[in-house]
2 protein chains.
Amino acid sequence: MVNRKYSSEEKILEAAKEVFHKRGFDGARMQDIADAAGINKALVHYYFRNKENLFLAVFKDAFSKLTSRISIIFTSDKPMETKLEEFFEYHIGFVQKNAYIAWFILNGIYERPDYLKELMFQNKLLPEMILQQIRESLEREGVKNPDPFQFMANILSLSVFPVVARPLLQGLMKINNDDMELFYKSRVKYLPGFVMRAVKNDQLPK
Amino acid sequence: MVNRKYSSEEKILEAAKEVFHKRGFDGARMQDIADAAGINKALVHYYFRNKENLFLAVFKDAFSKLTSRISIIFTSDKPMETKLEEFFEYHIGFVQKNAYIAWFILNGIYERPDYLKELMFQNKLLPEMILQQIRESLEREGVKNPDPFQFMANILSLSVFPVVARPLLQGLMKINNDDMELFYKSRVKYLPGFVMRAVKNDQLPK
DNA sequence: GTCTATATGGCGATAGAC
DNA sequence: GTCTATCGCCATATAGAC
């Protein structure tokens, strides 16, 4: 069913997201994208000229969706545990609904490292500021010599990986789809405390 | 320089690992693999018949390398913190030296979920046993109602993701290569305590 | 077992009618 | 803007000589 409210260009972009998700850059076929969009293959080239351009358009959109909220959450002046609740709530939910975006970014950035800088600039993503905010927030809450970079790596790992590696985890642990959804749900509640306990006692002796 | 000690078949396999790593299944070219092996393209087909077969051979090898040690570590009767030290020491080091393997497995499993079962069988990987061992180990150390599946997901996330997402993390945080190596080194020491603190207080009130 | 040469098909991209 | 038809290339795979 073709939705007539959308222009061809929008339909192509939507279709491209879907196909690049499932197949990656090399696996995606311009023909598949055209089919998914319900239009002709030549039209894809008419609007985007070539495959790389179309990829970058999709990538840019994905990147901004994934990162835009992170700055906002971590530069607020709420307590760290609240920030973590907001982060995991938003981020896991988002990655779950758009697993392809995380894949896409991880994969795409491998081949196009320079493009990342441009996107960070366009998205006004200022890592120094976020890391500094995390440091101050943790110090204010009694953590001595916090390592904001480890902190960031940890929370990204804990939220992104289990979703991205879903087929592997499900296969390894023999979990069905319904239970897997419950698993993600419970993670959202479980992780903020997990992280806070781990960092709060950072400098205490065992 | 061609090492004459290796047969053509071995040379092809080694070359295939390298090329599949860098380019994934769709991006890899049989010609590139032949070139990297220093032999003729037709020989690759002579030994492996087609690309999929060659991929599966490489995948199988990668999977067994990555998982073989995990069972051993977690079914011992050492304290959990010791197990974690062994796990992160081995696993992060391994993934770091062979980042392509982790990629490869994560990517490959998406398209070939059934193949995972066969590999688990061949590698005598028994998740039930490992999860049960983790549960008992944690209970013995005072954790009430531990969730071994969350536990496994967490430690895999914390070890695999930062290595797999290296280009993204480095780009986001503007870290140079040397500092990144130091970052991984310090993680190995840092993570066992991080995880133990987080789970040990699992059921305590804030 | 190892090579050269070639078959075969698919894909990105474009030309050109409407 | 949208389509059909087609070009040109490249990749997997095979045939067949040595």
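I need every pair where a residue in the stretch A:35-56 that is more than 27 Å from A:Tyr110 (Cβ to Cβ) and outside the structural domain of A:Met120 (by TED's automatic domain parsing) has its Cβ under 8 Å from the Cβ of a residue that is more than 10 Å from DNA strand C (Cβ to nearest atom) and at pLDDT below 95, sequence separation at least 6 or different chains. Close Cβ pairs (under 8 Å, with a partner that is more than 10 Å from DNA strand C (Cβ to nearest atom) and at pLDDT below 95) amount to A:Gly38/A:Val2.
Residues that are without any contact (Cβ under 8 Å) to a residue 60 or more places away in the chain, more than 21 Å from A:Ala153 (Cα to Cα), facing another protein chain (nearest Cβ under 7 Å) and not aliphatic (A, V, I, L, M) do occur in the stretch B:102-112. Going through the stretch A:132-155 one residue at a time, which ones are without any contact (Cβ under 8 Å) to a residue 12 or more places away in the chain, closer than 22 Å to B:Ile155 by Cβ and more than 7 Å from chain B (Cβ to nearest Cβ)? Across the stretch A:132-155, the qualifying residue is only A:Asp147. Just one of (1) more than 30 Å from A:Gly24 (Cα to Cα); (2) of a type in the set (Ser, Thr, Tyr); (3) assigned to a helix (DSSP H, G or I) fails for B:Tyr6. It is (3). Considering the stretch A:15-128, the qualifying helices (runs of 4 or more DSSP H), each wholly inside and each with 2 or more residues that are crowded, with 21+ Cβ neighbours inside 10 Å, run over A:30-37, A:41-48, A:51-74, A:80-97, A:99-111.
When restricted to residues that are away from DNA strand D (no atom under 12 Å from the Cβ) and at positive phi, the stretch B:17-40 contains 1.
A:Gln122 meets all of the listed conditions (1) out of contact with any Ser or Thr (no Cβ under 8 Å at 6 or more places or on another chain); (2) more than 9 Å from chain B (Cβ to nearest Cβ) but one, namely (1).
Regarding B:Ala15, is this residue hydrophobic (A, V, I, L, M, F, W, C) and within 16 Å of DNA strand C (Cβ to nearest atom)? In short, yes. Set side by side, the residues A:Leu56, A:Leu43, A:Leu84 differ, and just one is within 16 Å of DNA strand D (Cβ to nearest atom) and at pLDDT 90 or above, which is A:Leu43.
Quick check on the stretch A:164-175. Is at least one of its residues within 8 Å of chain B (Cβ to nearest Cβ) and either within 12 Å of A:Leu84 (Cα to Cα) or modelled with pLDDT of 95 or more (or both)? So far as the stretch A:164-175 goes, no, none of its residues is within 8 Å of chain B (Cβ to nearest Cβ) and either within 12 Å of A:Leu84 (Cα to Cα) or modelled with pLDDT of 95 or more (or both). The number of residues in the stretch A:71-101 that are within 14 Å of chain B (Cβ to nearest Cβ), polar (S, T, N, Q) and farther than 26 Å from A:Ala28 by Cβ comes to 2.
The values are calculated or read from the model by the stated rules, or taken from the named source; none is laboratory data. Because the structure is a prediction, the values reported are computed rather than measured. Neighbour counts run over all protein chains shown; Cβ positions are idealised from the backbone, glycine included.
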